[in-house]
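Note sheet for the following structure.
The values are calculated or read from the model by the stated rules, or taken from the named source; none is laboratory data. None of these values were measured; they are calculated from a predicted model. Neighbour counts are summed over all protein chains in view; Cβ atoms, including those assigned to glycine, are modelled from backbone coordinates with ideal geometry. Side chains included, ligands, DNA and RNA excluded: accessible areas come from the protein's heavy atoms. Shrake-Rupley method; radii C 1.70, N 1.55, O 1.52, S 1.80 Å.
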Number of protein chains: 2
Amino acid sequence: MNIGDVAQRSGLPAKTIRYYEEIGLITLLRGANGYRAFRDSDLHKLAFIGRARALGFSIEECRTLLALYEDAGRESGEVKRLAGEHLKQIDAKIAELQSMRATLAHLVHACAGDDRPDCPILEDLAGGACCS
Amino acid sequence: MNIGDVAQRSGLPAKTIRYYEEIGLITLLRGANGYRAFRDSDLHKLAFIGRARALGFSIEECRTLLALYEDAGRESGEVKRLAGEHLKQIDAKIAELQSMRATLAHLVHACAGDDRPDCPILEDLAGGACCS
DNA sequence: ATTGACCTTCCAGCAACTGGAAGCCCCATG
DNA sequence: CATGGGGCTTCCAGTTGCTGGAAGGTCAAT
């Protein structure tokens, strides 16, 4: 398989696959022509990485997850711990965004949004000390 | 005022203030010794930017907001539109994170997390095709 | 032989900072 | 008046995770 096929089948852009090789997330063989030669196992790993990334794991976490995946003697506790920590980070991020959202929604609601210059949104940004 | 005072009073790191000047988000005067000389209005603007950033506005959005803030003839409708778009982006981000969270929480729940290697989390990442 | 689609490498850039080095400047103390 | 420590300056590099583009080699088909 060449990189184009793998890109299509894994859903990852070819550029991204090259990047993953460059940072040592995956090691690839080369054909006589210099082209990367992908085995099924490489495609499999890349799909694994793609799914982990879609769940928001960082590249370094993906590296660890891959290592655990390939370690037949792993303890699932470690995987669970890693995933649990990541879950906490996601929760923190959600909470942060929801707090922003609340403030912003309040301000948007309070703004007339017409052709006059008076704007509670700008007033809040300017003053900090605001209503309700 | 020197940068240290402004950093403390605005809550922004000195490095960040220098960066904001470098990218032209704010223009600062210089004293005879080469030090940045901050006026009250500069502090005010920086606090404005800090609050906008805390609400998740990008630097470019901050630039626009500042311009609107300083334009006495602005139409609040434009501010509201900008904020409304940003609100939509926040909502999209929250939805994305909540979707991740749901999958991940499900997997974490399903994993025994003991000293045995069997792990539904890794199985899901490997296979994609998973349970319930 | 010549397209045209692939593949290769390398370099640059995005957002929004952050850290560190090297070197002035200013004030207070001995 | 020298010295020490803190604060200020600039510049360069690194962060995360790619993405775009240029210049050039390869391959399969016409």
So which of B:ALA37, B:ALA110, B:ALA72 is more than 7 Å from chain A (Cβ to nearest Cβ) and in contact with a Pro (Cβ under 7 Å, 6 or more places away or on another chain)?
B:ALA110
Assigned to a loop (DSSP other than H, G, I, E, B), outside the structural domain of B:GLU123 (by TED's automatic domain parsing) and surrounded by fewer than 18 Cβ atoms within 10 Å (Cβ to Cβ): does that describe B:GLY4?
no
Can you pull out the residues in segment A:31-45 that are closer than 16 Å to A:GLY4 by Cβ and over 26 Å from the mean Cα position of the chain (by Cα)?
A:GLY31, A:ASN33, A:GLY34, A:TYR35, A:ALA37
Wholly inside segment B:8-75, helices (runs of 4 or more DSSP H) that include 1 or more residues that are farther than 25 Å from B:HIS86 by Cα and touching a Leu at 6+ places or on another chain (Cβ under 9 Å) are B:40-54
Would segment B:81-101 turn up any residue that is touching a residue at least 12 places away in the same chain (Cβ under 8 Å), within 16 Å of DNA strand D (Cβ to nearest atom) and part of a helix (DSSP H, G or I)?
no
Could you look through segment A:30-70, keep only residues that are of a type in the set (D, E, K, R) and open to solvent by less than 70 Å² (accessible area, probe 1.4 Å), and pick out the one that is farthest from DNA strand C (Cβ to nearest atom)?
A:GLU61
Out of curiosity, is A:ILE90 facing another protein chain (nearest Cβ under 7 Å) and either touching a helix residue (DSSP H, G or I) at 6+ places or on another chain (Cβ under 8 Å) or closer than 26 Å to A:PRO13 by Cβ (or both)?
yes
Among the residues of segment B:6-29, are any within 10 Å of chain A (Cβ to nearest Cβ) and either away from DNA strand C (no atom under 16 Å from the Cβ) or without any contact (Cβ under 8 Å) to a residue 40 or more places away in the chain (or both)?
no
